[in-house]
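K.L.:
Sharing a structure, written as structure tokens. Questions coming.
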Amino acid sequence: MKPVNIHEGIDNTLLILQYRLKAKPEGCAIQIIKQYTDLPLIECYAGQINQVFMNVLSNAIDALEQDRQSISEIYIPTITIRTTISEISGNIPSVVISIADNGPGISEQTINLIFDPFFTTKPVGKGTGLGLSISYQIIVDKHGGIFKCDARPGFGTEFWIEIPMQQQGYRGY
């Protein structure tokens, strides 16, 4: 655990995924909109938090790539990433990272299962069904945070990641 610049972690993850964001023969490039708030360093397990970003952003790209088949000239596949400061219950300052896409969305039935181990909506051989389950454990169990999803079919999906700015018992600066 160490103090981390969350924005660097997101930006580095986007850099790794850049090749998947570029225009393809079957559709246009995926646009990234970053709405970052000025954040202090956040105490966390950097590698694990970056793994969460990778899992959520990869899933958003998968959803948007699926939707590229039905692209009209007006539709621009977009992922919006917002960071804000909030308070988890008990007045504990926290950072919120919202990652939203304007893809096909997720049904309510599927939302109820997405954090279950081995659940996937992807074809056989494409996904393991572990990414969001592991991400949930990292955010909730290892960081004492909140990890939730809001989506409606046809209106996109938003993942909400909230972690305390300081972890209890950590004092290593």
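Values quoted throughout were computed directly from the atomic coordinates according to the rules given, and no laboratory measurement underlies them. All values derive from a computational prediction rather than experimental measurement. Note: ideal-geometry Cβ built from the backbone for every residue, glycine included; neighbour counts use all protein chains shown.
K.L.:
For segment 12-27, in order, what is each residue's ³J(HN,Hα) by Karplus, 6.51 cos²θ - 1.76 cosθ + 1.60 with θ = phi - 60°, in whole Hz (x at glycine and Pro)?
P.N.:
Coupling constants for segment 12-27: 5, 5, 4, 5, 4, 8, 3, 4, 7, 8, 5, 4, 10, x, 8, x Hz.
K.L.:
Below 26 Å, Cα to Cα, which lysines can residue 126 reach? Residues fewer than 8 away in the same chain don't count.
P.N.:
Correct list for residue 126: 22, 24, 148.
K.L.:
Given the -39500 (n - 2.57) contribution per DSSP H run of 4+ residues, what per-residue ellipticity at 222 nm results for the chain, rounded to the nearest 500 deg cm²/dmol?
P.N.:
-8500 deg cm²/dmol
K.L.:
If you don't mind, another one. If you take every DSSP beta bridge whose two residues both sit in segment 1-107, what share of them, in percent to the nearest 5, is antiparallel?
P.N.:
The antiparallel proportion sits near 75 percent.
K.L.:
Amide H of residue 130: which non-local residues (sequence gap of 5 or more, or other chain) have their own amide H closer than 5 Å, using H built in the peptide plane?
P.N.:
When sequence neighbours closer than 5 places are left aside, the close amide H contacts are 118.
K.L.:
Expected output is a single nm value to one decimal: the length gained when fully extending between residue 108 and residue 134, i.e. 0.36 nm times separation in residues minus the C-alpha distance. What is it?
P.N.:
Working it through step by step, the gained length comes to 7.3 nm.
K.L.:
A follow-up question, please. What is the distance, in nm, between label points placed 7 Å from the Cα along the Cα-to-Cβ direction at residue 82 and at residue 18?
P.N.:
That separation, rounded to one decimal, is 2.8 nm.
K.L.:
Taking amide H positions as placed in the peptide plane 1.01 Å from N, state which residues far from residue 31 in sequence (5 or more) or on other chains have amide H under 5 Å from it.
P.N.:
78, 79
K.L.:
Would you be so kind as to identify which of 115, 55, 98 lies farthest towards the positive end of the dipole of the chain, taking Lys and Arg as +1 and Asp and Glu as -1 on Cβ and the Cα centre as origin?
P.N.:
Positive-end residue among those listed: 55.
K.L.:
Run the dipole for the chain about the Cα centre, Lys and Arg Cβ at +1, Asp and Glu Cβ at -1, nothing else charged, and hand back the magnitude in debye, nearest 20.
P.N.:
The dipole magnitude comes to about 320 debye.
K.L.:
Short version: ³J(HN,Hα) in whole Hz for each residue of segment 132-141, in order, from phi by Karplus 6.51 cos²θ - 1.76 cosθ + 1.60 (θ = phi - 60°), x for Gly and Pro, what are they?
P.N.:
Values, residue by residue: 6, 5, 5, 4, 4, 4, 5, 6, 7, 7 Hz.
K.L.:
Now a separate question. Report the FRET efficiency, 1/(1 + (r/R0)^6), for residue 58 and residue 38, where r is their Cβ-Cβ distance and R0 is 35 Å, rounded to 0.05.
P.N.:
The calculated FRET efficiency here is 0.80.
K.L.:
In vacuo Debye scattering of the chain, one point per C-alpha: log10 I(q)/I(0) at q = 0.12, 0.20 Å⁻¹?
P.N.:
Normalising to I(0) and taking log10 leaves -0.55, -1.42.
K.L.:
Could you run the Karplus curve 6.51 cos²θ - 1.76 cosθ + 1.60 with θ = phi - 60° over segment 37-52 and give me ³J(HN,Hα) per residue in whole Hz, x for Gly and Pro?
P.N.:
8, 5, 10, x, 5, 10, 6, 6, 8, 4, x, 5, 5, 5, 5, 4
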